[in-house]
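K.L.:
Just passing along the structure, written as structure tokens.
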Amino acid sequence: MARSVSPLVLSALLAASCAPAVPLSRDESARLSTAPPIPVLHVRSAPPWVDCPNDEGQKVWEHPGIWNSIQEQWTLSLQTPPVDPAGATAAQLLSLAGAGHLSLPLAGPPEEVLRLDPAALRIRFGASPVLVVEAVRWVLVGCFFTYQPWFDVRATLVRPSTGEVLWRDTCGGTYPDGWPVRSSRDELEAGGQRLYARIIEERAAACATQLVTSLAGAGR
């Protein structure tokens, strides 16, 4: 059963990083499959932050502030990635839907929003569902000047007029397990940030595949 909430708490539901998954009901899936295409929105991702497993970096430097300052300066050029993680995942979702991997019609291209504005969504879309894609964790995993770009993405199918969450799931994972291999800042920047972009696109494709599988589950 879909979860219905007051529109006043819609923004809180969408913003909660640990929001639980909500499966799409079979009846709702059937209704949406013949409805007008669903707009896809993605929230602009904040810059990535350095996530040092087990705080190894701070253990080397006696004062954590020194470590944080060094990492902020060292990764400054990586704070503006060549591709937005949420946008890349939204584009991949549309591509998979267009290729027939999803019975629900999605409207493209994905539209970027700077922030979630529940009132604006209600005015613009009313009872028509929208699919909102957000990067809920966007990090450079590393401690000593080599990093693994990594992000988790949440997608929420919501009816703005009521705040009803029709479906929600997250492509998650606490830490990457060996992929992508850690790269230096210079390697990520080389060739117009080609490697950086490829890593983001590959992660987005994996996330989109997982999310589409979840969203399509009710119709199978």
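The values are calculated or read from the model by the stated rules, or taken from the named source; none is laboratory data. Quick caveat: nothing in here was measured; it's all calculated off a predicted structure. We place every Cβ from the backbone using ideal geometry, glycine too, and count neighbours over all the protein chains shown.
K.L.:
Please pick out the residue among ARG122, ARG185, ARG137 that is surrounded by 16 or more Cβ atoms within 10 Å (Cβ to Cβ), in contact with a helix residue (DSSP H, G or I) (Cβ under 7 Å, 6 or more places away or on another chain), under 22 Å from ILE70 (Cα atoms) and not hydroxyl-bearing (Ser, Thr, Tyr).
P.N.:
Selected residue: ARG185, the only one of ARG122, ARG185, ARG137 that is surrounded by 16 or more Cβ atoms within 10 Å (Cβ to Cβ), in contact with a helix residue (DSSP H, G or I) (Cβ under 7 Å, 6 or more places away or on another chain), under 22 Å from ILE70 (Cα atoms) and not hydroxyl-bearing (Ser, Thr, Tyr).
K.L.:
Of (1) in a helix (DSSP H, G or I); (2) within 19 Å of PRO81 (Cβ to Cβ); (3) in contact with a strand residue (DSSP E or B) (Cβ under 8 Å, 6 or more places away or on another chain); (4) of a type outside the set (Ser, Thr, Tyr), LEU215 satisfies all except one. Which?
P.N.:
(2)
K.L.:
With farther than 20 Å from GLU72 by Cα and surrounded by fewer than 22 Cβ atoms within 10 Å (Cβ to Cβ) as the only criterion, which of THR170, THR156, THR146, THR162 stands out?
P.N.:
Result of the check over THR170, THR156, THR146, THR162: THR162.
K.L.:
Looking only at the range 173-193, count how many residues are in contact with a Ser or Thr (Cβ under 7 Å, 6 or more places away or on another chain) and either of a type in the set (Gly, Ala, Ser) or touching a residue at least 60 places away in the same chain (Cβ under 8 Å) (or both).
P.N.:
Final tally of qualifying residues: 4.
K.L.:
Are there any pairs with C-beta distances below 8 angstrom linking a residue in the range 55-80 that is in a loop (DSSP other than H, G, I, E, B) to a residue that is surrounded by 12 or more Cβ atoms within 10 Å (Cβ to Cβ) and at pLDDT below 80, with the two at least 6 apart or on different chains, and if so which?
P.N.:
So the pair list comes out as TRP61/TRP67.
K.L.:
Within the range 195-220, which residues are surrounded by fewer than 18 Cβ atoms within 10 Å (Cβ to Cβ), of a type outside the set (Ser, Thr, Tyr) and in contact (Cβ under 8 Å) with a residue 60 or more places away in the chain?
P.N.:
ALA197, GLU201, ALA205, ALA216, GLY217, GLY219
K.L.:
Just name the residue that is nearest to VAL136 (Cα to Cα) out of those in the range 162-190 that are assigned to a strand (DSSP E or B) and of a type in the set (Val, Ile, Thr).
P.N.:
THR170
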